[in-house]
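Worksheet: the structure to be examined is printed underneath.
The values are calculated or read from the model by the stated rules, or taken from the named source; none is laboratory data. Computed from a predicted structure; not experimentally measured. Because the Cβ atoms are built from the backbone with ideal geometry, glycine has one as well, and the counts that use them run over all protein chains shown. Just so you know, the surface numbers come from the protein's heavy atoms only, side chains and all, with ligands and any DNA or RNA stripped out. Shrake-Rupley method; radii C 1.70, N 1.55, O 1.52, S 1.80 Å.
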Amino acid sequence: MLNCLRPHKILVIDDENSILKLLSGVLARKGHNVDTACGGEEGVKKIQSNSYDVVITDFKMPGVSGREILNEARRIKGDTLPVIGMSGTPWLLGEAQFDAVLAKPFSQEKLFEAIQTVMDSPPVNIL
């Protein structure tokens, strides 16, 4: 049996282009509509002007950090927009109140589990 996620509109925010391309490709292959932002400032602008089902953001970035993105998402959308934090130093995310945390490096399976968890959608089983 395969585990499949219902497609979602996802914003991925990171200051590393290679991470954006990798995550965008992995998520798009699973049918998700993926938007990317290179850095926190661009990410905040996209959250302000678009509608997303979930945001996945790096924590440590120059300028606007993942914590600031989380705070801005909560200010703009309240608790209706799940935010997943990702970091090579996940112990720094503890008090930040992200809906889920991904420790870099993480597997595709962990990525999809985090999305499924924050979206609270049951998996679809295909025989």
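Kirkwood hydrodynamic radius for the chain: how many Å is it when counted over pairs of different Cα atoms? Can you show the working numbers first?
Working: mean 1/r = 0.0690 Å⁻¹.
Taking the inverse mean of 1/r over all distinct Cα pairs, the chain comes out at 14.5 Å.
Placing unit charges on the Cβ atoms of the charged side chains and taking the dipole of the chain about its Cα centre, the candidate lying farthest along the positive direction among Tyr52, Ala73, Gly39 is Tyr52. Among Asp58, Asp14, Asp79, the largest mean-square fluctuation in a Gaussian network model of the chain, built with springs joining Cα atoms closer than 10 Å, belongs to Asp79.
Could you look at the chain and say what percent of its accessible area is carbon and sulfur, using a 1.4 Å probe and all protein chains? Before the final figure, lay out each step's value.
Values: 3560 of 6850 Å².
Ligands and nucleic acids excluded, carbon and sulfur give 52 percent.
Residues of the range 41-58 with backbone nitrogen within less than 14 Å of a virtual label 7 Å along the Cα-to-Cβ line of Met119, please, listed as ranges. It comes to 52-56, nothing else. Charge dipole (Cα centre; +1 on Lys/Arg Cβ, -1 on Asp/Glu Cβ; no other charges) of the chain amounts to roughly 260 debye.
Excluding ligands, DNA and RNA, the accessible surface per residue across the range 1-79 is 52 Å² with a 1.4 Å probe.
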